[in-house]
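The values are calculated or read from the model by the stated rules, or taken from the named source; none is laboratory data. Since this is a predicted model, take the numbers as computed values, not measurements. Virtual Cβ from ideal backbone geometry, glycine too; neighbours counted across all protein chains shown. Accessible surface areas use protein heavy atoms only, side chains included; no ligands, DNA or RNA. Shrake-Rupley method; radii C 1.70, N 1.55, O 1.52, S 1.80 Å.
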Number of protein chains: 4
Amino acid sequence: MTRVAVAGAAGYIGGELLRLLLGHPEVEVVGAVSSRFPGKRVDGVHPNLRSVTDLTFCSADEVGECDAVFLALPHRVAMTQIDHWTQRSKLVFDLTGDFRLDDTEVFRRYYGEEHRAAHLLGDFVPGIPELHRDRLRTADLISVPGCMAMAGVLALYPLVVRDLIDLEQGAQFDARTGSSGSGATAGPANLHAERSGSMRVFAPTGHRHEAEISRHLGLSAAMTATGVEAVRGIQTICHATLRPGVDKQTVRRAFREQYSEEPFVRVVAHQRGTFRYPDPKILLGSNYCDVGYAVDEDSGRLTTIAALDNLVKGGAGNALQCLNIRMGRPENLGLTFPGLHPL
Amino acid sequence: MTRVAVAGAAGYIGGELLRLLLGHPEVEVVGAVSSRFPGKRVDGVHPNLRSVTDLTFCSADEVGECDAVFLALPHRVAMTQIDHWTQRSKLVFDLTGDFRLDDTEVFRRYYGEEHRAAHLLGDFVPGIPELHRDRLRTADLISVPGCMAMAGVLALYPLVVRDLIDLEQGAQFDARTGSSGSGATAGPANLHAERSGSMRVFAPTGHRHEAEISRHLGLSAAMTATGVEAVRGIQTICHATLRPGVDKQTVRRAFREQYSEEPFVRVVAHQRGTFRYPDPKILLGSNYCDVGYAVDEDSGRLTTIAALDNLVKGGAGNALQCLNIRMGRPENLGLTFPGLHPL
Amino acid sequence: MTRVAVAGAAGYIGGELLRLLLGHPEVEVVGAVSSRFPGKRVDGVHPNLRSVTDLTFCSADEVGECDAVFLALPHRVAMTQIDHWTQRSKLVFDLTGDFRLDDTEVFRRYYGEEHRAAHLLGDFVPGIPELHRDRLRTADLISVPGCMAMAGVLALYPLVVRDLIDLEQGAQFDARTGSSGSGATAGPANLHAERSGSMRVFAPTGHRHEAEISRHLGLSAAMTATGVEAVRGIQTICHATLRPGVDKQTVRRAFREQYSEEPFVRVVAHQRGTFRYPDPKILLGSNYCDVGYAVDEDSGRLTTIAALDNLVKGGAGNALQCLNIRMGRPENLGLTFPGLHPL
Amino acid sequence: MTRVAVAGAAGYIGGELLRLLLGHPEVEVVGAVSSRFPGKRVDGVHPNLRSVTDLTFCSADEVGECDAVFLALPHRVAMTQIDHWTQRSKLVFDLTGDFRLDDTEVFRRYYGEEHRAAHLLGDFVPGIPELHRDRLRTADLISVPGCMAMAGVLALYPLVVRDLIDLEQGAQFDARTGSSGSGATAGPANLHAERSGSMRVFAPTGHRHEAEISRHLGLSAAMTATGVEAVRGIQTICHATLRPGVDKQTVRRAFREQYSEEPFVRVVAHQRGTFRYPDPKILLGSNYCDVGYAVDEDSGRLTTIAALDNLVKGGAGNALQCLNIRMGRPENLGLTFPGLHPL
């Protein structure tokens, strides 16, 4: 039994962590920390957990020693609290942006401030099982990637690692996201009447997840992020240029080979069918990231597509997958929910 | 291990049955029958089952003997095929409307035709664990109720069984439903552009589920059914008149007592909170039916509210709960998914 | 040219008033009052008015004498500011709840406080052209009804005025509404992630619009109000009992006769068709209220249905219709937008 | 008075044409042609036109001579019927894809068949007022562009015409669209339950509108088209590379200069605000195309954004604007509806 605490447990990622951790057969939740709602019942904030738990939120100081802690805090808060948490738990999973970049200069450019725990940046292993599984088996500090970064990286990694795309030309990412990514404390711009049905370009350039993609793929990523009508769900389209001579078969083989053994990555690129490319609609609540591709052989242009649930494979579920790896358990333990259709 | 077949497996209820049955630890799916897609992969129709199953659809004739069969067929088809299925399986769960009424005259009025297997009507036990748990332990023919009927019955039953409402005045039900209730073969009126954002009164009077409610509650139910913007989810509001002297405390006690031991009915009637009354939004994918109430003591008017996922507690999940009861297993086996928030 | 001011111009009703008044050929907007955004451009808050107007918001004190003022203020504010506005304008259209009831005791019960301008209650004429057209031709103080009240009243009035329903039994109203009814300053419960896809019973009993319906129809109304997935749009279902002997034809005739000359009420009760009953989906942006009915002759139960856009016929458009009547102009001047389909 | 007919009047574009033409003060609709519904009332198919018109659909043969005809037919049908219509009307507005390309080879590649009226391709003037206003003043055959093409062209044209972008690198377009683009006769993949909430990449490469963009901009366009949750509305994101030395100010000036006099193109690129970039949410029903831009000066990458209502500026409204130009009327006659907010 792994005894875990969640900091930032009243947020959307925090709630999803609780849902998954409470349902995990070998995990015990010993602390759900919320600075906003200490003493309040957890199911008063996360109504889907009614009858699942009688837990109440506690303060950070009330959490004693535990085996693992998950930081689902606002950006900037994690790096100020990191000492507090490493003192209580050998194993820390950070789900904020604070430890996702390994270069303080890039951090400053994308986050607009100095890093406050720069000495730890090198110690965090990226929580991307598909790229860093071996390191995750022994890592104590794990930084779970941003939701759009996760999708973007998985969408292009099989080609980058095989040197199939023209890195000179960089890659353009179009990310679409639901409103839950703005969190439970979002402001008036996220009122239902304002957000419903919108296609809101909230970051035409310079989104923070762009820096993560560039880091992990070793190329210059340019990302546009748009909020579309959805609560959960991320879809990332990637435009890149294939190296001369790379054809559709090669691309196909790269994806198949790369992900054939992955428990949570499915290659979806069919000739026909309503869901022939990755669509988050069928992934909500699940830990899958579906990836697909299309090639225009005349022009050498490549389009890849990735979809996931931003709160699961783009956050809480991915963190739990990392915990499973770290503890030597089956990766899909507590993560077998397949998604719903129709929904 | 219970060996089961699903007839009508390509529909929405059929797909949900497959999702739940494939995830059930003591069930083996031996047949997924579809007259439309024989030979086709199941996950080609139900994309959420990709990587979950390699099953293909088969024809009704290809199904051999099995322990239980679930009929998720179009209305009218079940009563014509019932002999076929009882010959293959001792245990039959019918999820159509064909065996939900026990009075052929009422059947004729609501379905507009003669019943073709009237001799069996008396043999079917209603698949409502909350009313008929003991009978379900030994029943071989089980008729799972309509989704709106299930919600309507559970919303008023605690008061009816305690004789707290004025039966003379009947009860008025307002049911709202998502589009999945129209099924996977719905027509052009259910195109996204036509159905999206609508509040479509498709049955101002005389909906078939009304007859079920009247039957189970022993009163005159008048139901209006409206399609609202949702894919899954049912909410039923019930208006009734309390007997003189019945106050809010009595109503509260009735609900608490009735459902305190029920694994899948929660009483939700809080003083405050965004989700203080039953809302299907937090129930999707789960087998819960949430019920709540409000009393206007001045006028003696009662309002009760029930919410559920029409494909789960309003169909496939409820059927599986009945199977668990019938097989003497824990009722929640394979049904522990708690729902998602936000979604 | 009528010179008008709008108080509360930064809200959703205020914005809709501006859209309609700016597009009206015989109206000049001389003041758009906002206490939150004085000096800010109107189209910074109402982006649909970009390139339509260069107006900026002003404070209440900056408004000089004008011909008519529209109060789209928060509830309770109108009655404290009423003297301010009657000094500036002979003609006042109040769109808040403050002057909708004529009984201070009923006001206290539904609004939970004392009325602060009770002496004026009798001077306000209800802004319901369909009931009070003649009085509106000369009224100086006009109280525009609540959106759900407007729908509820129009849905039942033809039968009440002809004494066709059993008043003893009262009438039950089930109102469904979009999120814009909560206004531009709604709280976290109305965040997109919380409100999207919900069926939220926010007033199972005792909604304020219930009191208006009871007043105008002279019966005991019991209303349940539910937020459903929509930004704009109201639908109200009404359940009542017909007097003995009243058949469907009589009901049909009552509706036809009552509304045949009304420019903005359409009777929609067809035998078939996707939109055979009133649905707000096709009314958004228009000033129509569609009404329909269904009769269960066996039981004598009546169901009526009304739909409208809460910001137009349920607010700003209806107010403008009243202004047109008051100024002796064609009622539909500036109100001819027919609605969109599909939307 | 211009006497006009609409062929394909029962479709979504046809319905929008009827709404706009019936509301136009100098147009008379003399024929609404539908091969599916001859003799049926127009408002039976387009319920938003109830009380607006008593028109019934007719067959193509019943249309006599008229001043202008609008072809809102399925692709491929227009080119087979073109002779029929040019015999009845000097002025033909084609809203299909049949006459949008001027190169039969490109047509074959994108449409997969031979053109059947290739001799006319050169006679059609593109219905893009912002590029071809002068030619449209005298054109008799006008081909209204595809909705995503319209957005894509307007989003990049100011930069292309000033030679500010690197044509060698081409441009990548990411188009998102609502479900109405699939038309009133869409198949089961567009059922509400299947389409709702989806992010469906239906054309990762090779969408037909891509060919139009390439034609009008004179560069190699690569477009990905995705259906997102919306009924109406198009948003197109464009990624391109600026020529060395082109900075943000130059881009800003290009847009301002290009569109300052355009009645239906607004430049939307603000520092802050919920709607600081183009969003179709506030454009529905209006004839505006909003365009915006963002520049990453470090990398020289340019992102432009365009939004419009696919049935209005992306179809019927744009066609009517072309008619106004052709007839020498004010361009915005009958097109002044500003859009709704919130919606």
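Can you give the mean number of other chain Cβ atoms that lie within 10 Å of the Cβ atoms in peptide B:294-305?
4
Quick one: which residues, 5+ away or cross-chain, put their amide H under 5 Å from the amide H of B:Leu91? H built at 1.01 Å from N.
So B:Leu91 has HN proximity to B:Val69.
Go through B:Gln87, B:Met148, B:Gly112 and say which Cα lies farthest out towards the positive end of the charge dipole of the stretch B:39-151; charges sit on Cβ, +1 for Lys and Arg, -1 for Asp and Glu.
About the Cα centre, the residue reaching furthest to the positive side is B:Met148.
The stretch C:143-163 to the stretch C:202-278: how many Å between their Cα centroids?
Cα centres, the stretch C:143-163 to the stretch C:202-278: 7 Å.
Go through the stretch B:220-289 and name the GluC sites (Glu not before Pro) that are in a DSSP coil and have 15 or fewer other Cβ atoms within 10 Å of their Cβ.
For GluC sites (Glu not before Pro) across the stretch B:220-289 that sit outside H, G, I, E and B with at most 15 neighbouring Cβ atoms in 10 Å, the list reads B:Glu261.
Pull up the DSSP beta bridges for the stretch A:250-327 and report the antiparallel fraction as a percent, rounded to 5.
75 percent
Net charge around B:Leu91, counting only other residues with Cβ within less than 9 Å of its Cβ (Lys, Arg = +1; Asp, Glu = -1)?
Value of the local net charge: 0.
Under a 10 Å cutoff between Cα atoms, tell me which one of B:Met148, B:Met199, B:Met79 has the largest fluctuation in the Gaussian network model of chain B.
Judging by the Gaussian network model, the answer is B:Met199.
List every residue whose amide H lies under 5 Å from the amide H of D:Leu73, counting only residues 5 or more places away in sequence or on a different chain, with H placed 1.01 Å from N in the peptide plane.
D:Leu95, D:Thr96
PRE reach from D:Arg329 (point 7 Å along Cα→Cβ): which of the stretch D:55-94 fall under 12 Å by backbone N?
D:68
Considering only D:Gly339, D:Gly178, D:Ala78, whose Cα is most displaced toward the positive end of the charge dipole of chain D, charges sitting on Cβ of Lys, Arg (+1) and Asp, Glu (-1)?
Checking the options against the dipole of chain D, the answer is D:Gly339.
Relative contact order of the stretch D:1-128: what whole-number percent is it, with Cα pairs under 8 angstrom and at least 6 residues apart?
Answer for the stretch D:1-128 is 21 percent.
How large is the accessible surface per residue of the stretch B:147-308, computed with a 1.4 Å probe and reported in Å² as a whole number?
So the stretch B:147-308 comes to 29 Å² accessible per residue, rounded to a whole number.
Can you list the residues, at least 5 places off or on another chain, whose amide H is less than 5 Å from the amide H of D:Ala203, using H built in the peptide plane?
Hits under the 5 Å cutoff: D:Ala225.
Among residues other than A:Tyr259 whose Cβ falls under 15 Å from its Cβ, what is the net charge (Lys/Arg +1, Asp/Glu -1)?
+2
So how long is each side of the stretch B:170-241 along the principal axes, counting just the alpha-carbon atoms, biggest first, in Å?
So the extents along the principal axes, rounded to whole Å, are 39, 21, 18.
If I take every Cα pair under 8 Å that is 6 or more residues apart in chain D, average their sequence separation and divide by the length, what percent do I get for the relative contact order?
Reported relative contact order: 17 percent.
Might you report the magnitude of the Cβ-based charge dipole of the protein assembly as shown about its Cα centre, with Lys and Arg at +1 and Asp and Glu at -1, to the nearest 20 debye?
0 debye
If I build a Gaussian network model for chain D, linking alpha-carbon pairs within less than 10 angstrom, which residue out of D:Glu194, D:Glu16, D:Glu65 has the largest mean-square fluctuation?
D:Glu194
Along the Cα-to-C-beta direction of C:Lys90, a point sits 7 Å from the Cα; which residues of the stretch C:301-343 have their amide N less than 14 Å from that point?
Once the point is set 7 Å along Cα→Cβ of C:Lys90, C:326-328 turn out to lie under 14 Å by backbone N, inside the stretch C:301-343.
If a/c stays under 1.5 just call it rounded; otherwise compare a/b with b/c (prolate if a/b is bigger, oblate if not). Do that for the stretch B:1-153, with a ≥ b ≥ c from the square roots of the Cα gyration tensor eigenvalues.
Prolate, because a/c is 1.5 or more and a/b exceeds b/c.
Distances from C:Gln271 to the same residue in each other copy, label points 7 Å out along Cα→Cβ, in nm, shortest first?
Listed shortest first, these distances are 4.7, 5.6, 6.5 nm.
Once you charge only the Cβ atoms, +1 for Lys and Arg and -1 for Asp and Glu, what is the size of the charge dipole of chain B about its Cα centre, to the nearest 20 debye?
Value, rounded to 20: 660 debye.
Ratio of the stretch C:147-308's C-alpha Rg to 2.2 N^0.38 Å, to two decimals?
1.04
Which chain B residue hugs the B-D rotation axis most tightly by its Cβ, and what is that distance in angstrom, to the nearest whole number?
Residue of B nearest the axis onto D, distance in Å: B:His192, 2.
How crowded by other chains is D:253-262, given as the mean number of beta carbons from other chains within 10 Å of each beta carbon?
0
Using the 7 Å Cα-to-Cβ label point, sort the distances from D:Met327 to its equivalents in the other copies shortest first and give them in nm to one decimal.
For D:Met327, the other copies' label points sit at 2.8, 7.1, 7.3 nm, shortest first.
Once you average over the residues of B:267-273, how many Cβ atoms of partner chains fall within 10 Å of each Cβ?
2
Pick from C:Val125, C:Val295, C:Val69: which residue has the top mean-square fluctuation in a GNM of chain C where Cα pairs under 10 Å get a spring?
Largest GNM mean-square fluctuation: C:Val295.
Measuring label to label, 7 Å along Cα→Cβ, what does A:Asp102 give against each other copy in nm, shortest first?
5.4, 7.1, 7.9
Assuming a ≥ b ≥ c are the square roots of the Cα gyration tensor eigenvalues, decide whether the protein assembly as shown counts as rounded (a/c under 1.5), prolate (otherwise, with a/b larger than b/c) or oblate.
Since a/c stays below 1.5, the shape of the protein assembly as shown is classed as rounded.
Checking buried surface per residue: for the stretch B:175-220, which residues lose a minimum of 50 Å² accessible area in the protein assembly relative to the chain alone (1.4 Å probe)?
So the qualifying set is B:Arg176, B:Leu191, B:His192, B:Ala193, B:Glu194, B:Met199, B:Val201, B:Pro204, B:Thr205.
Using unit Cβ charges (K, R positive; D, E negative) and no other charged atoms, how large, in debye to the nearest 20, is the dipole of the stretch B:147-308 about its Cα centre?
360 debye
Only sites in a loop by DSSP and with at most 11 other Cβ atoms within 10 Å count here; which chymotrypsin sites (Phe, Trp or Tyr not before Pro) in the stretch B:57-152 make the cut?
Within the stretch B:57-152, no chymotrypsin sites (Phe, Trp or Tyr not before Pro) qualify (loop, at most 11 other Cβ atoms within 10 Å).
Report ³J(HN,Hα) in whole Hz for each residue of the stretch B:191-200, in order, from the Karplus equation J = 6.51 cos²θ - 1.76 cosθ + 1.60 where θ = phi - 60°; Gly and Pro get x.
4, 3, 5, 8, 8, 4, x, 7, 10, 9
Quickly work out the B:Glu62-to-B:Asp163 label distance, labels modelled 7 Å from Cα along the C-beta direction, and quote it in nm with one decimal.
5.7 nm
Considering only protein heavy atoms and a 1.4 Å probe, what is the carbon-and-sulfur percentage of the accessible area of chain C?
Accessible surface attributable to carbon and sulfur in chain C totals 45 percent.
Quick one: net charge of C:Glu297's neighbours, Cβ under 14 Å, K/R +1, D/E -1?
Computed value for this residue: +2.
Under the rule a/c < 1.5 gives rounded, and otherwise a/b versus b/c splits prolate from oblate, where does the stretch C:131-213 land using the Cα gyration tensor?
oblate
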